[in-house]
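Each remark here refers to the structure printed beneath this line.
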Amino acid sequence: MIGPDGEIGDTGVTAEIRLGGPFIGGQPVTAQLYTDDTIDLGVVATDIAIRDYEKFPTRGVFTMMQKSPFMVMFDPAKFPEVKTWDDVKDTGAPVLHAQGVSWVDYLVHEGLVDTQQLDGSFDGSPSRFVADDGALFQQGYVSNEPYRWEHDVAEWAKPTAHLMLDDAGYQVYQQAYAVRAGDEEALSPCLEELVPLLQQSELDYLEDPKPVNDTLIEIAAAIKDGPPITPGGNENSVKVQVEAGLVANVPDLTGDDLVTNDYIDPEIKR
């Protein structure tokens, strides 16, 4: 959708995609939107939008994923008894997660894990999973880590099992594009043109992901300490996104303070 010169389609409007996460010191996207008003859109998950709404109100206008890709993965040989979330608590095993994620509080509140199981030292690498020989539950994306651990992490190189957070009842829009709530009206003319382009770009990607996947590899290689990306991992990610229902058509939504479908073109669907 964005050409090499930064133009969005043939609109005459240019766009810039910025890195987040560790590249902005781990600052939440909601806070970044209010720190830098040159940013019009940010990826804000539903739970983060709720958590930060009082201080940094945002409103979602489009989501690339109908279902959150978040999961916890583990070695099925270590935990053959774990089939659902109801089985996790009795194992007493650590639940390895990144600091600041809110879904761990939900798991504790729902009685699915004990507070003592929580370990907030996850750094995104496979080192702890390998060191503990898979005897823990580690956060990740179902469209990324399972394939990567099996095919690209030589120290592990075998299948894993996983439990989706969506199946625990923690159902959020993980990849939602959001604007500052107070700027929506001013941005509305732009959003009316942009959101259908985003919709179509997702369908085009699912139909022929190779050009984008090849570009992602080039981008990752150019970023110092960038994310590990491989052709096989990218190909598998598309397959998982479809098979696991991560990408799907948008139903009628609620929660108007957080999200809006005003800019969605219902005629663009898979």
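Quick look at the numbers
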{"quantity": "Pick from segment 1-10, criterion open to solvent by less than 70 Å² (accessible area, probe 1.4 Å) and touching a residue at least 60 places away in the same chain (Cβ under 8 Å), ranking: farthest from P227 (Cα to Cα)", "calculated": "G9"}
{"quantity": "Subset of segment 84-121 that is open to solvent by less than 30 Å² (accessible area, probe 1.4 Å) and aromatic (F, W, Y) - its residue that is farthest from the chain's Cα centre (by Cα)", "calculated": "W85"}
{"quantity": "Candidate set: segment 161-201, residues that are small (G, A, S) and under 20 Å from E16 (Cβ atoms); chosen: the one farthest from the chain's Cα centre (by Cα)", "calculated": "A186"}
{"quantity": "Leading residue by the ranking (nearest to R180 (Cα to Cα)) among those in segment 31-64 that are in a helix (DSSP H, G or I) and open to solvent by 70 Å² or more (accessible area, probe 1.4 Å)", "calculated": "Y34"}
{"quantity": "Number of positions in segment 208-224 that are in contact (Cβ under 8 Å) with a residue 24 or more places away in the chain and either within 17 Å of L19 (Cβ to Cβ) or aliphatic (A, V, I, L, M) (or both)", "calculated": "1"}
{"quantity": "Unmet requirement for A77, which otherwise passes all of (1) free of Cβ contacts under 8 Å to residues at least 12 places away in the same chain; (2) under 20 Å from E145 (Cα atoms); (3) not β-branched (V, I, T)", "calculated": "(1)"}
{"quantity": "Failed condition for D105, given (1) in contact (Cβ under 8 Å) with a residue 60 or more places away in the chain; (2) under 21 Å from I48 (Cβ atoms); (3) not in a strand (DSSP E or B)", "calculated": "(1)"}
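Listed here are the residues, each with its yes/no results for (1) charged (D, E, K, R); (2) in contact with a Leu (Cβ under 8 Å, 6 or more places away or on another chain); (3) at pLDDT 95 or above.
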{"residue": "G3", "(1), (2), (3)": "no, no, no"}
{"residue": "G6", "(1), (2), (3)": "no, no, no"}
{"residue": "A15", "(1), (2), (3)": "no, no, no"}
{"residue": "G25", "(1), (2), (3)": "no, no, no"}
{"residue": "P28", "(1), (2), (3)": "no, no, no"}
{"residue": "L33", "(1), (2), (3)": "no, no, yes"}
{"residue": "M71", "(1), (2), (3)": "no, yes, yes"}
{"residue": "A98", "(1), (2), (3)": "no, no, no"}
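The values are calculated or read from the model by the stated rules, or taken from the named source; none is laboratory data. Every value quoted in this text rests on a predicted model; they were computed, and no experiment measured them. Quick reminder, even Gly has a Cβ in these numbers, built from the backbone with ideal geometry, and neighbours come from all protein chains shown. All accessible areas refer to the heavy atoms of the entire protein, side chains included, with ligands and DNA or RNA removed. Shrake-Rupley method; radii C 1.70, N 1.55, O 1.52, S 1.80 Å.
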